[in-house]
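Structure first, then comments.
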Amino acid sequence: MWIRTKKQGSSPAGRLTAALGLTVVALAGLTPAALADPAPANALTPAAIDRFMDDYLEETGLPGAVVAVTRGDDVVHTAGYGHSAGGRPMTGRTEVPVASLSKSMTALAVMRLVEEGKVNLDRPVRSYLPEFTMADERAARITVRQLLNQRSGMADSAFPDLTLPQAHTLKGSVARMRGARLAAEPGTRWSYHNPNYFVAARLVEVVAGEPFADYLRTRVFTPLGMAHSRSVDSTTDMPEDARGYVRAYGRVVERGHPRWFTAGGHGVVTTADDLARWLIAQNNGGVAADGRRVVSAGSVDVMHTPPKGERYAMGWSLGEANGDEEPPLQHTGQLLTRNAIQILLPERKIGIAVVSNTGMISGDDSAGIADGLRDLAEGRSPEIREPFTMTADWVLAALTLLALGLGTLGTVRAKRWALRAAGRPLWRAGARALPYAALVALFPSLPELMGLLMRREGTLDQVLYVWPALYIYCAAASLAATVVIVVRAVHTVRTVRAARAC
């Protein structure tokens, strides 16, 4: 570093003054901080996190996100970046919905009741919640543990929750399952299903004798110091009504969120500052940042340990290990316009939480950000992993144009096709129409195809949120195929009539 000093002249006094000045400057620089090696660029520091996040937002166009990173019982960094759908700058105190990260918090509420001796994990749910009935006698055998581990036998395939009218209360959410059947014998199969946690939350409020949101606040959030966290009943009770963004063709489009019932399964609203407190307790065996024990280490271990042969525990799942390190624990949270993730690196005692205001699949930014922060935590230079739809959408755009082009060409040539088909057996014309018929069926069957991919049942309108470019491609391909079939049929009928008239 060059230091510019005022010229003192060539006299002995001037030279002495200059020498003393340089000595003072030099000695001032020899502080312990200056002598220490600067933190490498790939160290997990607030500055490195900020640099990575700034680069991520610039490269991907992500509107906004909040981040919480902890190590042991220390907060490494909490911050917000970008802006909300309402245009407000995001900070560490910005309220954000964390969707299914809520499940681990509901599980902790249940474990508080277990430690108080009010609930036994291996007793049937119905022994605490008689109102829990289904049109399947096997439901009487579902245990509390099976609910929390998503092994109750309930599944979207038997009760497609998000395609049905939504409840308004936890009591109503349990009551509407009375006509539902199970998809499997309790305890035999894992299936991710939000109503498992609606039932768990209703169990909490019945056993505790108070509303679930109140119990969660007084017995979980307040002891952990999470003063700005709460549970809400629906997306309409969330900040900005859960309004956020979806990605399409390299751009983000602001969208409102339909009303979903959320309590217990995906209804917690919190902040990055509070998420840091949550992560600390998870990594420290149930001890809060201020040293207060909220739940026993044994209970935390139960919540973090999947059943034998499974990867899902009580609101947590095993991730992919890096080398010889212990696999991380993690869970994602997804709304149509928001997504979130929390990760624990047990050996390093590091916790990472990210919430972004883009929706599932079309903008899974939180998972990409968390991967970059994990790179920093494990001493690697972070990579920016763009949501795959930022590339896939352009492939779908090309396929959409191709479908429309081929449809136009098929329509123009329909008369010629009909003339050729008139002299052939009818079955051959029908066989040649089958590929077009398959394309016609593609669009209305899109929810089922996406359901197979995501193991969740949804609606056509929800697909437009989840992946707009795929929706547009399927709609265009089905429309083009429909037009070709109709125009060919019209020309074929005319050709046959003309031939008979002759």
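The values are calculated or read from the model by the stated rules, or taken from the named source; none is laboratory data. Here the structure is a predicted model, which means the values were calculated and not measured. Here Cβ is always computed from backbone atoms with ideal geometry, including for glycine, and neighbour counts include all displayed protein chains.
Residues that are surrounded by fewer than 19 Cβ atoms within 10 Å (Cβ to Cβ) and without any contact (Cβ under 8 Å) to a residue 24 or more places away in the chain within region 256-290 comprise just one, 285. Exactly one residue out of 115, 185 is among the acidic types (Asp, Glu), within 30 Å of residue 223 (Cβ to Cβ) and assigned by TED's automatic domain parsing to the domain that holds residue 217, and it is 115.
If you scan region 297-314, which residues turn out to be in a loop (DSSP other than H, G, I, E, B) and either closer than 15 Å to residue 286 by Cα or of a type in the set (S, T, N, Q) (or both)? Don't jump to the end; show me each part of the working.
Taking region 297-314 and keeping what is in a loop (DSSP other than H, G, I, E, B), we get 305-311, 313-314.
Hits for region 297-314 are 305, 314.
Here residue 139 does not fit the description of being surrounded by 17 or more Cβ atoms within 10 Å (Cβ to Cβ), closer than 14 Å to residue 267 by Cβ and touching a residue at least 40 places away in the same chain (Cβ under 8 Å).
Just one of (1) more than 27 Å from residue 78 (Cβ to Cβ); (2) at pLDDT below 90; (3) touching a strand residue (DSSP E or B) at 6+ places or on another chain (Cβ under 7 Å); (4) of a type outside the set (D, E, K, R) fails for residue 389. It is (2). In the set (1) of a type in the set (A, V, I, L, M, F, W, C); (2) in contact with a Ser or Thr (Cβ under 9 Å, 6 or more places away or on another chain); (3) modelled with pLDDT of 95 or more, residue 203 fails one condition alone, (2). Does residue 193 qualify as being under 26 Å from residue 465 (Cβ atoms), within 26 Å of the chain's Cα centre (by Cα) and at pLDDT 95 or above? Yes.
The residues on offer are 297, 276, 289, 281, and the sole one that is touching a helix residue (DSSP H, G or I) at 6+ places or on another chain (Cβ under 9 Å) and at pLDDT 95 or above is 281. Counting only residues that are at negative phi, touching a His at 6+ places or on another chain (Cβ under 8 Å) and in a helix (DSSP H, G or I), how many does region 92-127 have? Qualifying residue count, region 92-127: 5.
With the structure loaded, tell me whether residue 305 is of a type in the set (Ser, Thr, Tyr) and surrounded by fewer than 22 Cβ atoms within 10 Å (Cβ to Cβ) or whether it fails that test. Let's see the steps before the verdict.
Details: of a type in the set (Ser, Thr, Tyr): yes; surrounded by fewer than 22 Cβ atoms within 10 Å (Cβ to Cβ): yes.
Against the criterion (of a type in the set (Ser, Thr, Tyr) and surrounded by fewer than 22 Cβ atoms within 10 Å (Cβ to Cβ)), residue 305 qualifies.
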